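J.: What follows is a single structure, and I will ask about it in a moment.
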Amino acid sequence: MIYDIAIIGGGPAGMMAAGRSAELGANVILLEKNKDLGLKLLMTGNGRCNITNLIEDPRKLVQAYGANGKFLFSALSKFGPREVIEFFNQRGVRTKVEDNNRVFTASDKAADVLRALVNYLKYTRVQVRTGARVKEITSLDNKIEKIILANGEEIVANKFIITTGGKSYPLSGSTGDGYKWLKDFGHEIVPTLPALTSLVLKDKFIPELEGVSLARVQISLLRDKKNLFSGIGETVFTRDGISGPLILNMSNLIGRELPAKLKLQIDFYPDLDLSGLDKKIQKDFQVDKNKSFKNFIAKLLAPKLAPIIIKLSGIDPEKKVNQVSGEERRMLIRLLKEFGLEIYGLAGYERAMLTSGGVKLSEVDPKTMKSKLIDNLYLAGEMLDLAGPTGGFNLQVSWSTGYIAGESAAGLDLGFSPVKW
Ligand SMILES: Cc1cc2nc3c(=O)[nH]c(=O)nc-3n(C[C@H](O)[C@H](O)[C@H](O)COP(=O)(O)OP(=O)(O)OC[C@H]3O[C@@H](n4cnc5c(N)ncnc54)[C@H](O)[C@@H]3O)c2cc1C
């Protein structure tokens, strides 16, 4: 049997591409190596699925993806956040908008999104094959010929869409297989790195801070005292480093800067400058003048953080605060405004929500997602050299590029007519 379209990878991009092309009348097969579709999708947004980010103006939206964002302009204009929300609403998934325009399932269940997509595939009569690992793809004269599965079975189609994702969370099935095939076909792969990932820190006291969560701090990234990035937000210490939205969004930049010597600096009081904090501490010292320094700090900071600050300050913990010298107080203030941490590296693909780098965008047509090198090949999703911040931006890439790839692979040139359902 020769399919119109064969799609490799049953994640968000692959499911969207398959449903859309079948909806337009194409005879589609979707191949997924796991025994179920959308394993990673179920993990998104801590199981709640941050479906998209509701920035409606495509010009503003593309800016979130940095310099490469302009590649998405056409896809986002056609199938942007509003269309994605409508798509899921029409298929029974109610949505809600939270802070920073983040759109979630109203039920807080990523499984609802997956169910809607599986139903989409069912109604559009996509042939779904799970447990089907693609081992090899053969090509002839700039055209893909066939797919060979791990069990030796061959799949032949007129057109092919590759949506195998990146390398992050490899246990979910995304092991970077697509990069290897595309490299063999002559595509350039921009070096990949774990992105949206936590950091591993060198400082010995880090394990003692595991679980400490700070609701509002300023974190700066420094290279040789040069400030590369600064932001205010929430952060949390892990067993070997630090995480949280601010850190995740910084990780892409950090990955590109390493192995340079990089430092993080935490300001526990972002709303006060050095002299403002000094005034506050002096005032608090007055109020608590007979308190030991140890008990004073315990009132100020998280229980696991207090002993570390005390140790680093070099101030005798039993000393009454009214005996703390001006010099000691200034040392304390520096620690609270410029708490330095040394970066060892990124936590790695196992803990990265995203893979940055990927298929070079200049080799893909942004209007159709068609490869410029291989005649009958389309690409979509995380495997492209696109990386957005947290907040629903990366699933939006998969929805938009998957939809466009499916639609153009099932193009009117093939004479398909939309399925009625
Ligand atoms: C923990 C976590 C939370 C996240 N939360 C969010 C969020 O809330 N919002 C957001 O926007 N983004 C989030 N992301 C990112 C988002 O999940 C990805 O960007 C998105 O899943 C990429 O979709 P994709 O279809 O391109 O690739 P994937 O989801 O990686 O799917 C690729 C599929 O291809 C299959 N495959 C690979 N190789 C083969 C092969 N050889 N043969 C057959 N099949 C193969 C894989 O098994 C996999 O199912 C999160 C990521 C993680 C890890």
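The values are calculated or read from the model by the stated rules, or taken from the named source; none is laboratory data. Note that this is a predicted model, so its numbers are computed, not measured. Cβ: placed from backbone, ideal geometry, glycine included. Neighbour counts: every protein chain shown. We work out accessible area using only protein heavy atoms, side chains counted, and drop any ligands, DNA or RNA first. Shrake-Rupley method; radii C 1.70, N 1.55, O 1.52, S 1.80 Å.
J.: I need the full set of residues from the range 359-388 which are under 15 Å from Asn68 (Cα atoms), open to solvent by 10 Å² or more (accessible area, probe 1.4 Å) and touching a strand residue (DSSP E or B) at 6+ places or on another chain (Cβ under 9 Å), in order please. Outline the logic, then answer.
T.: Residues of the range 359-388 under 15 Å from Asn68 (Cα atoms): 359-367, 369, 380-388.
Still in the list and also open to solvent by 10 Å² or more (accessible area, probe 1.4 Å): 360-363, 365-367, 382, 385, 387.
Correct list: Lys360, Leu361, Glu363, Asp365, Glu382, Asp385, Ala387.
J.: Report, by residue number, each residue of the range 46-63 that is open to solvent by 30 Å² or more (accessible area, probe 1.4 Å) and either near the ligand (Cβ under 9 Å from one of its atoms) or more than 20 Å from Ser77 (Cα to Cα) (or both).
T.: Passing the criteria: Asn46, Arg48.
J.: Filter the range 268-304 down to the residues that are touching a helix residue (DSSP H, G or I) at 6+ places or on another chain (Cβ under 6 Å), more than 25 Å from Ser213 (Cα to Cα) and open to solvent by 30 Å² or more (accessible area, probe 1.4 Å) and list them by number.
T.: Within the range 268-304, Lys289, Lys291 meet the criteria.
J.: Could you please find all residues in the range 12-36 being open to solvent by 20 Å² or more (accessible area, probe 1.4 Å) and more than 6 Å from the ligand (Cβ to nearest atom)?
T.: Arg20, Glu23, Leu24, Gly25, Asn27, Lys35, Asp36
J.: Identify the residue in the range 131-145 that is within 12 Å of Leu31 (Cβ to Cβ) and not β-branched (Val, Ile, Thr) and, among all such residues, is farthest from the ligand (Cβ to nearest atom).
T.: Narrowing the range 131-145 to residues within 12 Å of Leu31 (Cβ to Cβ): 131-135, 137.
Subset that is not β-branched (Val, Ile, Thr): 131-133, 135.
Values: Gly131: 9, Ala132: 6, Arg133: 5, Lys135: 7 Å.
Looking at the filtered set, the residue picked out is Gly131.
J.: For the range 152-167, check the following and say yes or no: at least one residue is within 10 Å of the ligand (Cβ to nearest atom), more than 24 Å from Asn376 (Cβ to Cβ) and not assigned by TED's automatic domain parsing to the domain that holds Ser251. Spell out the reasoning first.
T.: From the range 152-167, those within 10 Å of the ligand (Cβ to nearest atom) are 162-167; that's our starting set.
Checking the rest, the ones that are also more than 24 Å from Asn376 (Cβ to Cβ) come to 167.
Pick out the ones that are also not assigned by TED's automatic domain parsing to the domain that holds Ser251 and you get 167.
Checking the range 152-167: at least one residue is within 10 Å of the ligand (Cβ to nearest atom), more than 24 Å from Asn376 (Cβ to Cβ) and not assigned by TED's automatic domain parsing to the domain that holds Ser251.
J.: Among the residues that make up the range 273-290, is at least one of them over 30 Å from Ala380 (Cα atoms) and among the β-branched types (Val, Ile, Thr)?
T.: Yes, there is a match, as at least one residue in the range 273-290 is over 30 Å from Ala380 (Cα atoms) and among the β-branched types (Val, Ile, Thr).
J.: May I pose another question? Please name all residue pairs, on different chains or six or more residues apart, with Cβ atoms under 9 Å, provided the first residue is in the range 254-274 and is touching a residue at least 40 places away in the same chain (Cβ under 8 Å) and the second residue is open to solvent by 50 Å² or more (accessible area, probe 1.4 Å) and aliphatic (A, V, I, L, M).
T.: Close Cβ pairs (under 9 Å, with a partner that is open to solvent by 50 Å² or more (accessible area, probe 1.4 Å) and aliphatic (A, V, I, L, M)) amount to Asp267/Ile232; Pro270/Ile232.
J.: Does Leu117 fit the bill of being in contact with a Pro (Cβ under 8 Å, 6 or more places away or on another chain), within 14 Å of the ligand (Cβ to nearest atom) and not acidic (Asp, Glu)? Spell out how you get there, then give the answer.
T.: Values: in contact with a Pro (Cβ under 8 Å, 6 or more places away or on another chain): yes; within 14 Å of the ligand (Cβ to nearest atom): yes; not acidic (Asp, Glu): yes.
Criteria met by Leu117.
J.: Considering the range 171-183 alone, what residues qualify as being in a helix (DSSP H, G or I) and within 9 Å of the ligand (Cβ to nearest atom)? Talk me through it step by step, then tell me what you get.
T.: Step one: filter the range 171-183 for residues in a helix (DSSP H, G or I), giving 171-172, 177-183.
Result: Ser172, Asp177, Gly178, Trp181.
J.: Then there is this: Among (1) in a helix (DSSP H, G or I); (2) closer than 30 Å to Phe160 by Cα; (3) away from the ligand (no atom under 16 Å from the Cβ), which single condition is Gln396 missing?
T.: Only one criterion is unmet by Gln396, namely (3).
J.: Show me the helices (runs of 4 or more DSSP H) entirely contained within the range 1-75 in which 3 or more residues are within 22 Å of Tyr120 (Cα to Cα). Show your work before the answer.
T.: Values: elements: 12-23, 39-43, 58-63.
Output list reads 12-23, 39-43.
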